[in-house]
Amino acid sequence: MSNVSAVRLGTRGLSLRLPLRGASPSAKVLTALAVLLVALALLAPVLATHRPDAVDMAQASRNPSAGHWLGTDALGRAEAEERLVPLLAEIGIPDGRRRLAQYPHQLSGGLLQRMMIASALVTAPRLLLADEPTTALDVTTQQDVMAILDEQRHERHLALLFVTHDLELAGAVCDRIAVMYAGTIVEQRPAAALHSGRRHPYTAGLLAARPGVGEPGTRLPVIPGRPAAAHESFEGCPFAPRCAFAEDRCRAERPPLRPDGDGDGAVACHRADELAGDLDRTREEA
């Protein structure tokens, strides 16, 4: 690992925003944690012999009470506080020193998320892992939190890995969307093209199941069966037991994630080309 000091997770000027979307939080969170663990493993020699601020990523969790505001290995407490106070003011917390002396249970949900964002940004990372940052927040506070993340991303030239269940939110704030099922990415494409250009049956099912403005009393379409867990093993496509379009090949051979169309997206489905434009059929119609 003699070249490990050259490993950089994110590049100054990079402005990629990528969300992970799927049925269960476990696979997406594990993916984000895997990014952290791989990076830490690669950077361990650097951390032991180089300057302590060599880590280029930070995580903003959906569970702010999981750690202390100043719980960073890269900075001492005094230095972290000196950096945090002006940063807190920048994101809408003018009385930063008082807030730093409080415990998480003494703060509102919006303040908790602002504190977590500040603690993630204080070491000047280049990659920010945002794990469900708007969970359990009211709509107005969600908008405020996302506005802060987007503003800081632009100002600091951050890359953002955004874990969410909210497709509408992902489409509004992200450049690309990766849809996960059973621990693997089954489709990815530009956010603006996901709705009209979705090619995987699971993506189509998620989009169809979103609540919308329809006839009162109309039942939402559902994906039959139960979600597969990330630890379950499958010979074929993990979505095949629930897929209206699955054939014998789908159940016997796992499809690779391959580029499709103009090469700006990718899908893991044997029948993606065949089913293009035909994913709105029900299981009975298929």
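The values are calculated or read from the model by the stated rules, or taken from the named source; none is laboratory data. Keep in mind that what you see is a predicted model, and the values were worked out from it rather than measured. Cβ coordinates were reconstructed from backbone atoms using ideal geometry, including for glycine residues, and neighbour counts include every protein chain displayed.
Evaluating A286 against the criteria (1) surrounded by 14 or more Cβ atoms within 10 Å (Cβ to Cβ); (2) at pLDDT below 95 leaves one unmet condition, (1). Take the conditions (1) modelled with pLDDT of 90 or more; (2) under 19 Å from A191 (Cα atoms); (3) of a type outside the set (A, V, I, L, M, F, W, C); G261 misses just one of them, which is (1). Among the residues of segment 84-101, those identified as surrounded by fewer than 18 Cβ atoms within 10 Å (Cβ to Cβ) and of a type in the set (D, E, K, R) are E90, D95, R97, R98. Candidates in segment 212-252 are the residues that are within 27 Å of the chain's Cα centre (by Cα) and among the aliphatic types (A, V, I, L, M); of these, the one that is surrounded by the most Cβ atoms within 10 Å (Cβ to Cβ) is A240. Set side by side, the residues A230, A240 differ, and just one is more than 21 Å from I177 (Cα to Cα), of a type in the set (G, A, S) and touching a helix residue (DSSP H, G or I) at 6+ places or on another chain (Cβ under 7 Å), which is A240. Against the conditions (1) at pLDDT below 85; (2) over 26 Å from G265 (Cβ atoms); (3) touching a helix residue (DSSP H, G or I) at 6+ places or on another chain (Cβ under 9 Å), D138 satisfies every one except (1).
None of A101, A89 is under 26 Å from A159 (Cβ atoms) and hydrophobic (A, V, I, L, M, F, W, C) except A89.
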